[in-house]
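Asker: Input: one structure, supplied below.
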Amino acid sequence: MAIALGGNQYGKAEVRLVRVDRDGKRHRVTDLNVSVALSGDLTSTHLTGDNSKVLPTDTQKNTVYAFARDGVGEAEAFGLRLGEHFVRSQKSIHGARIDFEQYSWDRIEDRPHSFSRNGSATRTATVTWFEDGAHVVSGLSGLTVMNTTDSEFWGYIKDGYTTLAETTDRILATDVNARWLHHTHPTDWAESFEQAKHDLLTAFAETHSLSLQQTLYAMGQRVLDKQPGIAEIRLSMPNKHHFLVDLAPFGLDNPNEVFFAADRPYGLIEGTVRRDDLPEQNSAW
Ligand SMILES: O=c1[nH]c(=O)c2[nH]c(=O)[nH]c2[nH]1
């Protein structure tokens with residue numbers, strides 16, 4: 001029985017690219033998941049391990065980031081630029097398929113550098129009855145937000161294992177997971193929820209952040225300030241790291257524009273903000 005190599009392609013899948021366009025103070029964000037698949041004269045690597053016709057997937061990833069330095073624009077146009085490059089620059093590559101998933105971000109109330117990811121949040125509620133009364137906990141999960149500036153992180157402990165560089169300008173992005181306990185019941189639950197969501201969003205946008213911990217506290221404080229009937233709020237917020245891509249090996253600078261959006265590991269920042277003139281609530285909720 002004769003055995004032969006059939007159809008094949010290879011490439012870097014799911015290159016998470018965030019590009020921030022900083023024309024003046026009003027930023028724009030392009031958030032893409034880019035997958036490259038190349039095909040062509042690739043028999044030798046499969047049959048003998050001769051890699052002389054293989055453009056490494058690592059190079060493909062770097063190409064995506066380097067091309068983003070000149071701007072991304074629409075995914076279709078970016079894909080045409082990339083595809084033409086791979087096919088025209090490499091003799092062994094005869095085809096390039098570039099797939100895009102694009103995440104859309106809405107401005108938080110027309111602010112210049114604060115965004116929330118379209119349709120990301122789920123509203124939650126938990127009601128518990130005890131013999132001495134009911135507990136109502138409202139909340140939301142997965143409210144994805146990003147500030148493209150006004151975030152710093154420095155002055156932290158450095159020990160023998162620290163490599164993180166201090167920064168005075170980074171992207172701050174998180175999924176807000178929040179639950180808040182009502183000690184009096186609002187007349188309109190929906191209105192109370194919308195108010196809390198608004199307060200979380202605007203406090204996130206308005207806080208010049210020195211740490212996600214500080215932002216978390218400011219968000220919780222804002223919700224309690226605006227609704228006296230809320231006793232306590234618990235927040236759990238992953239720090240969705242966006243790493244500036246080093247484009248220097250390709251002769252390019254990167255003035256805070258092209259980022260790798262890592263999905264894991266992530267910092268997980270959690271905390272409770274409470275009224276200290278009320279009895280401590282049981283921790284069951
Ligand atoms: O806002 C932050 N808080 C941290 O505790 C932390 N740790 C880290 O590595 N980056 C950050 N960022």
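The values are calculated or read from the model by the stated rules, or taken from the named source; none is laboratory data. Small disclaimer: the values here were computed from a predicted structure and weren't measured. For neighbour counting, all protein chains shown are included, and Cβ atoms are generated from backbone atoms with ideal geometry for every residue, glycine included.
Asker: Suppose we filter segment 5-25 for residues that are in a loop (DSSP other than H, G, I, E, B) and either touching a strand residue (DSSP E or B) at 6+ places or on another chain (Cβ under 9 Å) or polar (S, T, N, Q) (or both); how many remain?
Answerer: Of segment 5-25, the ones in a loop (DSSP other than H, G, I, E, B) are 5-9, 11-14, 22-25.
Within this subset, residues satisfying the condition of being either touching a strand residue (DSSP E or B) at 6+ places or on another chain (Cβ under 9 Å) or polar (S, T, N, Q) (or both) are 7-9, 11-14, 22.
Residues meeting the conditions: 8.
Asker: Also: Out of everything in segment 134-183 that is out of contact with any strand residue (DSSP E or B) (no Cβ under 8 Å at 6 or more places or on another chain) and aromatic (F, W, Y), what residue ends up being nearest to the ligand (Cβ to nearest atom)?
Answerer: Y156
Asker: OK, next. For segment 186-209, check the following and say yes or no: at least one residue is touching a helix residue (DSSP H, G or I) at 6+ places or on another chain (Cβ under 6 Å), touching a residue at least 60 places away in the same chain (Cβ under 8 Å), near the ligand (Cβ under 10 Å from one of its atoms) and not in a loop (DSSP other than H, G, I, E, B).
Answerer: Scanning segment 186-209, I find at least one residue that is touching a helix residue (DSSP H, G or I) at 6+ places or on another chain (Cβ under 6 Å), touching a residue at least 60 places away in the same chain (Cβ under 8 Å), near the ligand (Cβ under 10 Å from one of its atoms) and not in a loop (DSSP other than H, G, I, E, B), so the answer is yes.
Asker: Return the total of residues in segment 220-239 being assigned to a strand (DSSP E or B) and within 25 Å of the chain's Cα centre (by Cα). Walk me through it before giving the result.
Answerer: Here is the first cut: in segment 220-239, the residues assigned to a strand (DSSP E or B) are 230-239.
Those still in the list that are within 25 Å of the chain's Cα centre (by Cα) too: 233-239.
Residues in segment 220-239 being assigned to a strand (DSSP E or B) and within 25 Å of the chain's Cα centre (by Cα): 7 in total.
Asker: Hey, can you tell me all the residues within segment 243-285 that are of a type in the set (A, V, I, L, M, F, W, C), assigned to a loop (DSSP other than H, G, I, E, B) and over 26 Å from T184 (Cβ atoms)? Spell out the reasoning first.
Answerer: So in segment 243-285, the residues of a type in the set (A, V, I, L, M, F, W, C) come out as 243-245, 247-248, 250, 252, 258-262, 268-269, 273, 278, 284-285.
So of that shortlist, the ones also assigned to a loop (DSSP other than H, G, I, E, B) come out as 245, 247, 252, 262, 278, 284-285.
Listed by number, the residues that qualify are V245, L247, L252, A262.
Asker: Another one. All but one of (1) part of a strand (DSSP E or B); (2) among the acidic types (D, E); (3) in contact (Cβ under 8 Å) with a residue 24 or more places away in the chain hold for D106; which doesn't?
Answerer: (3)
Asker: Turning to a different aspect of this structure: List the pairs whose first member sits in segment 52-73 and is in contact (Cβ under 8 Å) with a residue 24 or more places away in the chain and farther than 16 Å from K91 by Cα, whose second member is of a type in the set (S, T, N, Q) and part of a loop (DSSP other than H, G, I, E, B), and whose Cβ atoms are under 9 Å apart, counting only residues at least 6 apart or on separate chains?
Answerer: Listed by first residue and then by second, the contacts come to Y65/N254; R69/N254.
Asker: Taking H242 as the residue in question, decide whether it is at pLDDT 95 or above, within 26 Å of the chain's Cα centre (by Cα) and either surrounded by fewer than 19 Cβ atoms within 10 Å (Cβ to Cβ) or away from the ligand (no atom under 14 Å from the Cβ) (or both). Even if it seems obvious, please write down each step before you answer.
Answerer: Numbers: at pLDDT 95 or above: yes; within 26 Å of the chain's Cα centre (by Cα): yes; either surrounded by fewer than 19 Cβ atoms within 10 Å (Cβ to Cβ) or away from the ligand (no atom under 14 Å from the Cβ) (or both): no.
Criteria not met by H242.
Asker: In segment 259-276, is there at least one residue being without any contact (Cβ under 8 Å) to a residue 24 or more places away in the chain, basic (K, R) and within 16 Å of the ligand (Cβ to nearest atom)?
Answerer: Filtering segment 259-276 down to residues without any contact (Cβ under 8 Å) to a residue 24 or more places away in the chain leaves 264-265, 276.
From what is left, the residues that are basic (K, R) are 264.
Next, only the ones that are within 16 Å of the ligand (Cβ to nearest atom) stay: 264.
Checked against the condition, which is being without any contact (Cβ under 8 Å) to a residue 24 or more places away in the chain, basic (K, R) and within 16 Å of the ligand (Cβ to nearest atom), segment 259-276 yields at least one hit.
Asker: In addition: Out of all the residues in segment 213-230, which are surrounded by fewer than 20 Cβ atoms within 10 Å (Cβ to Cβ), touching a residue at least 40 places away in the same chain (Cβ under 8 Å) and either within 13 Å of the ligand (Cβ to nearest atom) or outside the structural domain of T148 (by TED's automatic domain parsing) (or both)?
Answerer: Q213, Y217
Asker: Filter segment 109-123 for residues that are assigned to a loop (DSSP other than H, G, I, E, B) and surrounded by fewer than 19 Cβ atoms within 10 Å (Cβ to Cβ) and give the result.
Answerer: Going through segment 109-123, the residues assigned to a loop (DSSP other than H, G, I, E, B) turn out to be 109-113, 118-121.
Selection gives E109, D110, R111, P112, N118, G119, S120.
Asker: Would you say N256 is at positive phi and touching a residue at least 24 places away in the same chain (Cβ under 8 Å)? It would help to see each step written out before you state the result.
Answerer: Details: at positive phi: yes; touching a residue at least 24 places away in the same chain (Cβ under 8 Å): yes.
Against the criterion (at positive phi and touching a residue at least 24 places away in the same chain (Cβ under 8 Å)), N256 qualifies.
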